[in-house]
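Before I ask anything, let me first share the structure, which is written out below as structure tokens.
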Amino acid sequence: MNMLCRVGQIRRCAASLSQTLNQVAASRQKHTLPDLTYDYGALEPHINAEIMQLHHSKHHATYVNNLNVTEEKYQEALAKGDVTAQVALQPALKFNGGGHVNHTIFWTNLSPNGGGEPQGELMEAIKRDFGSFQKMKERMSAATVAVQGSGWGWLGYEKESGRLRIAACANQDPLQGSTGLIPLLGIDVWEHAYYLQYKNVRPDYVKAIWNVINWENVSERLQIAKK
């Protein structure tokens, strides 16, 4: 009898410990809103402070919160072996996970000291794959402006060929998960990224954003992508 009691206690302790460890792991895996390295008004006049404040603290924060909630539900569905629930949660994971990934890249792609042209290996790769920086800029701008509804324009790296590619993704679809390209530079063309300042004239916003592109960050992303 005493042996059975001890076995029961051990099992209960193990179960309690497992639950605690799972809770700790879950808390460590929580996604958080990244801080900006510049003030909301630092990108003016190209992107005004009101847009940046709403875009970062409201829109991006919503993607982060919804992603955490969705992942919790997904873990519950996994634990229960509920495949139907897992499948039903996939769109929310894609949308909110993509929103978090895309915006986390976007903020670092921008800088109050940005603009101009890239240097070094990135510039050489652009010339090799597009003919000139101006041609790359024109092609990416055109692809970005042409996004139907909401989405993103991207400059990405194709690892298999070692080439730079331009692509557009709808909604919050993440570039790498959708195309296999590693994201280097993204331009957000959801209306919340520009409407308060540029109204419905998306081309003006896309033209202006080149003045705050952080080419050092894009270059660093290329170096990491090539490893």
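Measure nothing fancy, just the Cα-based angle from helix 2-28's long axis to the longest principal axis of the chain, in degrees from 0 to 90, nearest 10.
10 degrees
Convert each backbone phi in the stretch 220-226 into a coupling constant with the Karplus relation 6.51 cos²θ - 1.76 cosθ + 1.60 (shift: θ = phi - 60°), then list the ³J(HN,Hα) values in order as whole Hz, x for Gly and Pro.
5, 5, 5, 4, 5, 5, 7
In nm, to one decimal, how far is the modelled label at S150 from the one at Q53, with both set 7 Å along Cα→Cβ?
It is 2.2 nm.
Would you mind getting the accessible area per residue of the chain, heavy atoms of the protein chains only, 1.4 Å probe, in Å²?
I get 56 Å² per residue for the chain.
Something else now. Once you have the Cα-Cα distance between K80 and A42, take 0.36 nm times their residue separation minus that, and quote the gain in nm to one decimal.
8.9 nm
Compute and list, largest first, the equivalent-ellipsoid semi-axes of the stretch 101-227 from the alpha carbon gyration tensor, each √(5λ) rounded to a whole angstrom.
Listed largest to smallest, the semi-axes of the stretch 101-227 are 22, 16, 13 Å.
Using only Cα atoms and rounding to the nearest 10 degrees, what angle (0 to 90) does helix 133-145 make with the longest principal axis of the chain?
60 degrees
Relative contact order for the chain: what percent, with Cα pairs under 8 Å and sequence separation of 6 or more?
In percent, rounded to a whole number, it is 21.
If each of E117 and R139 carries a label point 7 Å out from its Cα toward its Cβ, how far apart are those two points in nm?
Label at E117, label at R139, 1.7 nm between them.
State which entries of K127/K159; K94/K207; K127/K199 exceed 25 angstrom in Cα-Cα distance in the structure shown.
Pairs exceeding the cut-off: K94/K207; K127/K199.
Same structure, new question: Counting only residues 5 or more places away or on other chains, whose amide H sits under 5 Å from the amide H of L110 once H atoms are built in the peptide plane?
It is N214, by chain and number.
Turning to a different aspect of this structure: Could you run the Karplus curve 6.51 cos²θ - 1.76 cosθ + 1.60 with θ = phi - 60° over the stretch 47-55 and give me ³J(HN,Hα) per residue in whole Hz, x for Gly and Pro?
Ordered by residue, 3J(HN,Hα) equals 9, 7, 5, 5, 4, 4, 5, 5, 4 Hz.
At a 1.4 Å probe radius, carbon and sulfur cover how many percent of the accessible area of the stretch 46-226?
50 percent
Pick the calculated Cα extents along the principal axes in Å for this structure from (i) 88, 41, 34; (ii) 82, 40, 33; (iii) 116, 44, 36?
(ii)
What GluC sites (Glu not before Pro) does the stretch 91-177 have in DSSP loop regions with at most 12 other beta carbons within 10 Å?
Sparse-neighbourhood loop GluC sites (Glu not before Pro): E160.
The values are calculated or read from the model by the stated rules, or taken from the named source; none is laboratory data. Keep in mind the model is a prediction, meaning the values are calculated, not measured. Neighbour counts run over all protein chains shown; Cβ positions are idealised from the backbone, glycine included. Just so you know, the surface numbers come from the protein's heavy atoms only, side chains and all, with ligands and any DNA or RNA stripped out. Shrake-Rupley method; radii C 1.70, N 1.55, O 1.52, S 1.80 Å.
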